[in-house]
Amino acid sequence: MAGLRLEGVRTRVLRPIDLELAAGELVFVSGPSGSGKSLLLRAVADLDPHEGEVWLDGTARSSLPAPQWRRRVGLLPAESHWWGDKVSDHFPGALGKRWTPSPFLPGSSEGGAGGSVRDDSAPTHSISAPAANRDSEAAPPSDLLTLFEWLGFGREVLDWSVARLSTGERQRLALARLLANGPEALLLDEATANLDPPNRERAEAIIENYRSERRAPVLWVSHDPDQRRRLGGRRLVISDGLLVPES
Amino acid sequence: MSLIILSPWDLALASSLVLLLAFMSWRLHLGVERRVLIAAARSTVQLTLLGLVLKVLFTQTSLPLIGLLALVMLLVAGWEVMARQERRYRGVWGMGIGTLSMFLSSFSVTLLALFVIIGVEPWYQPQYLIPLLGMLLGNTMSGIAIALDNLTRNAWEARGRIEARLLLGADWDDAIADIRRDALRSGLIPIVNAMATAGIVSLPGMMTGQILAGSPPMEAAKYQLMIMFLISAGTGLGSVAAVWIGSRRLFDDRERLRLDRLVPART
């Protein structure tokens, strides 16, 4: 039961915000660009100086070291950034006990953990000559592979060069990178904005799965009204520096 | 062999070459003639003054006066480090980081040389102290200026990458580790290159000076070697200190990247 509670969080452009998300609750935030949605998420993740306090699962943010807080409250920025050359540089280890994606695949019949993901919408350079047999390195953990599979990638994605990723691939891999870190709450900033419909569905399904399996509260900035309606959850909008229910 | 005294006329002859350079710059529209002339004028005034000051100091050997001169040299070097930054730290840090690092490295290495290596009696004998300190300050100043400039510029450009690592739970140390490494390396490269080519491509200034003044070449080479080792230690130490303090200053107590602590230099 890890709820997220904002108390008097005040950024440069917003008036102080009080907001409470129950464990596993989904809350959408929308508003015109420049209204401070991203700044709000950055404030919750403690990335910018600001006033206010945030509680996760009854633990005050100020009582935790900042890196630990950010690991537990995972922010997915609208634009992803990559510091290493290869995708694998950004996935240091297994998901471990933190979370194992449940064994059904989005957009397919149940139980098919196999090939149904590698459809036409998969990236063009993803399916190449089988490299598995000459791969002498230790195999990536299976839960990480499941996560990749969910998002439409094969295991070879780990060897890809970051510079060659498309915008959509970056966005999906950034989501994988964040979930692989096992955060207890999710702050999503336009998590699916650059994805085509099949991939958007995949991303939505995996976020929904994570939310229900881990009981993680999700604060989601989305400018897509269809998405906000489709996924349900509470809908809030920023107007005049205030966070109010969407009409 | 004894020193041939230069007359003002000799110097005027040499300075005409600088005037020629400025003229060339003007004709070829290089746009640096003003800076060439100002720099030449500055060095004329500064070196003449230093000569006069040292003349007095050498006859007095007074510790407070020598300390005062060393302080002035340090502060000017600190100012110079700040002036070479494209993005400098706000407030007292702008000059403070460079000055403190140079103080830590140059002064400690100079004292080590005076006490342990050369064994000057008294240790503040200005004939040794001032030139040693000057050479160390001059070189650490370049190294620190390059390293700090590299650090702040790259951190500015890599904001997204640094924050991406912070967001995944890295502490500030990890998030900026590669940028810090690059900055340190860039600060050390000039002195490493200088050591590698010394004696083959370039005849270092100090050795040249000693030979001109009539020292046996082998003695001059030994002094030059010692100086090179001291300079590389001083530059390394100073760059490490500056980059460490500087990179820490880019983050606050909640380990947020605070690029607002930098201001672009007024140009």
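The numbers here are math on the coordinates, done by the rules we state, and not lab data. Small disclaimer: the values here were computed from a predicted structure and weren't measured. Please note: Cβ atoms are built from the backbone with ideal geometry, for glycine as well, and neighbour counts cover all protein chains shown.
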Unit Cα scatterers, Debye sum, chain B: log10 I(q)/I(0) for q = 0.13, 0.15 Å⁻¹: -1.00, -1.22
Rough spin-label spacing in nm, given labels placed 7 Å along Cα→Cβ, for B:TRP26 and A:SER161: 5.2 nm
Percent RCO, i.e. relative contact order, over chain B, from Cα pairs under 8 Å lying at least 6 residues apart: 25 percent
Cα convex hull of region B:79-154 - mean projected area over all directions, nm²: 5.2 nm²
Region B:245-257 - phi-based ³J(HN,Hα) in whole Hz, Karplus 6.51/-1.76/1.60, Gly and Pro as x: 4, x, 6, 5, 5, 6, 10, 9, 5, 9, 6, 8, 6
log₁₀ of I(q)/I(0) at q = 0.09, 0.11, 0.13, 0.14 Å⁻¹ - region B:112-255, Debye sum with one point per alpha carbon: -0.39, -0.54, -0.67, -0.74
Peptides B:3-9, B:122-128 ordered by average Cβ neighbours within 10 Å, highest first: B:122-128, B:3-9
Cβ-based exposure ranking for B:ARG35, A:ARG215, in which fewest neighbours within 10 Å come first: B:ARG35, A:ARG215
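Shielding of B:150-162 by partners, i.e. mean partner chain Cβ atoms within 10 Å per residue?
So the per-residue partner count for this stretch is 1.
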Residue order, fewest to most surrounding Cβ atoms within 10 angstrom, among B:VAL18, A:VAL244: A:VAL244, B:VAL18
Other-chain or far-sequence residues with amide H under 5 Å of A:VAL237's (modelled H): A:SER30, A:VAL244, A:GLU246
5 angstrom amide H check on B:PHE251, placed H, neighbours 5+ away: B:ARG258
Label-point separation in nm, A:ASP196 to B:VAL116, each point 7 Å along Cα→Cβ: 6.7 nm
Estimated FRET transfer efficiency (B:THR61, B:VAL263; beta-carbon r; R0 35 Å; 0.05): 0.20
Inter-part distance where region A:176-191 and region A:26-72 are each reduced to a Cα centre, Å: 13 Å
Average partner coverage of A:17-30, which counts Cβ from other chains inside 10 Å: 0
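What whole-number volume per residue, in cubic angstrom, does the convex hull of the C-alpha atoms of the protein assembly as shown give?
That works out to 230 Å³ per residue.
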Between region B:1-69 and region B:102-161, the alpha-carbon center distance in angstrom: 23 Å
